[in-house]
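J.: Please read through the structure below; I'll follow up with questions.
The values are calculated or read from the model by the stated rules, or taken from the named source; none is laboratory data. None of these values were measured; they are calculated from a predicted model. Neighbour counts are summed over all protein chains in view; Cβ atoms, including those assigned to glycine, are modelled from backbone coordinates with ideal geometry.
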Amino acid sequence: MGLFFMNETFQANAAILRRRWPKLLERLLQEDLSALQQSTDLVTGRAGTLRVGSIQLTSRYDRRGEASLQAASVPRGATCVSLYGCGLGDVQGVLLERSELHTLNVWILNAGLFALVLHLVDQSAWLNNPRVELALASREKGLLRPFVALPAELALADEENARIRDLLVMELQRDFVNRKFDPRAAQWQERLSSNLELLRQDADVAELFASERGREFFVVATGPSLEGHLDRLRAIRARADRPFFVAVDTALLPLVRNGIVPDAVVSIDPDVAIGHFPLEDTEQTALIYFPSVSNAVISAWRGPRYAAYSGGKLFDEIRRRIGKAQLYANGSVIHPAVDLAVRMGACSVTLFGADFSFPGDKSYAFWKDGVLGGNQATAKHWVLNGHGERVKTQLNFRSYLYGLVDYIATHPDVVFFNTSRDGAHIEGARFHPEFVSG
């Protein structure tokens, strides 16, 4: 398909952008569309649409019907709606037919794709509408509700807008994912009931808060990059004046096998079992656990034990009966591990194995691929690493990454360090000069 840039269609669309959003137009004019042009075709059925690679922007049979179905996800009466992705203007047209709609925020998920559409399809009807606001999705850190997200553009989102794309996908999957964590489910009730006596007798994690003021903390996760630091960690652990070591549960075994005994281990996952722990080596290590952890694991722990809760509804009922302090949790055990370090008084937190990805096509340090749930062979997503390169990951890993980034942003008084460029770039965490070269 031949594309004629700066053609009449683009000039008409650009004239509106120049009048309403001049800075955005300047940004779009910087896009190099040559590669996108080569991968884009016009496909037809009862209607025509654009196909980018193998992905159609809209239906090629009933674009109006598809757009009406997508718009119907927003309840009638909404006065302000966000549309993520621009498509070919069909959903905008349907939503703008609602007289009660005062503002339609249209968020661009791929700047190059939108620029290409402006060259090929007249978009003046919705661009001219005074109720429309238009911007790159990356301008906002979070989602604006209610919203419609165009599926094709979730798949085609560019790197600049990837964070919003991820938040959208996670939000759309939230109900499905949360079914596993329904506090009313029989399996959860059974797990919590089995841990009642332990919760009553074990210490409150609050007893650890402010106990190590001004100390450096190492928080050790199980990402592949951990393996490159084990020798150095063993040497540091042997020092008299050393950082406080906090490990996530699945990092305990590789640490102990390499002669590194952490000061504390944090566990929250109901699926972590006794086989994941060298329990005979836990006398010197404190266990900080959520009531979701297996009773067998908690009972077999030889060192001191401290109970904690996460926020949210999952532990509401048991929290009312047995009071314990909370630790921040957003899906991954690394969140409460980091929060524990901060609440204990850390002046700095250095992260090891916090890769949130599969650098070197490996899932974890020590553990075989797939044993802990992550499987690099089937990974379909990506994040940018510390070199600015794409590295394979899973959607839930990206969710955990954003949860940590949000936490770091709310604790400016603590210095956070990352120890690898090969894993995901962690915004707000500096690269540690002693552990990261370059």
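J.: Go through (1) touching a Leu at 6+ places or on another chain (Cβ under 9 Å); (2) surrounded by 21 or more Cβ atoms within 10 Å (Cβ to Cβ) and name the single condition Val169 misses.
T.: (2)
J.: Looking at the stretch 23-39, is at least one residue out of contact with any Leu (no Cβ under 7 Å at 6 or more places or on another chain), among the basic types (Lys, Arg) and either at pLDDT 95 or above or closer than 15 Å to Leu120 by Cα (or both)?
T.: yes
J.: Restricted to the stretch 401-438, and to residues that are in contact with a strand residue (DSSP E or B) (Cβ under 7 Å, 6 or more places away or on another chain), of a type outside the set (A, V, I, L, M, F, W, C) and assigned to a loop (DSSP other than H, G, I, E, B), which residue is surrounded by the most Cβ atoms within 10 Å (Cβ to Cβ)?
T.: Gly423
J.: Now for a separate question. Being of a type outside the set (Gly, Ala, Ser), more than 16 Å from Leu118 (Cα to Cα) and within 29 Å of the chain's Cα centre (by Cα) is true for just one of Leu36, Leu24, Leu57, Leu83. Which residue is that?
T.: Selected residue: Leu83, the only one of Leu36, Leu24, Leu57, Leu83 that is of a type outside the set (Gly, Ala, Ser), more than 16 Å from Leu118 (Cα to Cα) and within 29 Å of the chain's Cα centre (by Cα).
J.: Go through the stretch 310-357 and give me each residue that's of a type in the set (Gly, Ala, Ser), in a loop (DSSP other than H, G, I, E, B), out of contact with any Lys or Arg (no Cβ under 7 Å at 6 or more places or on another chain) and closer than 21 Å to Glu434 by Cα.
T.: Correct list: Gly353, Ala354.
J.: Against the condition buried (at least 17 other Cβ atoms within 10 Å of the Cβ) and in the same structural domain as Lys368 (by TED's automatic domain parsing), how does Asp316 come out, does it pass?
T.: no
J.: Kindly establish whether His425 is over 16 Å from Ala251 (Cβ atoms) and modelled with pLDDT of 95 or more.
T.: Criteria met by His425.
J.: Farther than 30 Å from Gln201 by Cα, out of contact with any Lys or Arg (no Cβ under 8 Å at 6 or more places or on another chain) and not small (Gly, Ala, Ser): is that true of Asp406 in this structure?
T.: yes
J.: Out of the residues in the stretch 279-298 that are over 27 Å from the mean Cα position of the chain (by Cα) and surrounded by 14 or more Cβ atoms within 10 Å (Cβ to Cβ), state the one that is nearest to Asp241 (Cα to Cα).
T.: Only one residue tops the list, namely Thr285.
J.: In addition: Looking at (1) more than 20 Å from Gly403 (Cα to Cα); (2) part of a helix (DSSP H, G or I); (3) at pLDDT below 95, which one does Asn178 not meet, given that it meets all the others?
T.: Of (1) more than 20 Å from Gly403 (Cα to Cα); (2) part of a helix (DSSP H, G or I); (3) at pLDDT below 95, only one is false for Asn178: (1).
J.: Note down all Cβ pairs under 6 Å where the first residue falls in the stretch 145-169 and is free of Cβ contacts under 8 Å to residues at least 40 places away in the same chain, the second is polar (S, T, N, Q), and they're at least six residues apart or on different chains.
T.: none
J.: Could you please let me know if Arg60 is in contact (Cβ under 8 Å) with a residue 12 or more places away in the chain, over 23 Å from Asp32 (Cβ atoms) and out of contact with any strand residue (DSSP E or B) (no Cβ under 7 Å at 6 or more places or on another chain)?
T.: Taking the combined requirement at face value, the residue does not satisfy it.
J.: Also, quick follow-up: Just wondering, is there one or more residues in the stretch 146-168 that are assigned to a loop (DSSP other than H, G, I, E, B) and farther than 24 Å from Val391 by Cα?
T.: First, pick out the residues of the stretch 146-168 that are assigned to a loop (DSSP other than H, G, I, E, B): 146, 150, 157-158.
Then keep just the ones that are farther than 24 Å from Val391 by Cα; that gives 146, 150.
Looking for residues that are assigned to a loop (DSSP other than H, G, I, E, B) and farther than 24 Å from Val391 by Cα, one finds at least one in the stretch 146-168, hence yes.
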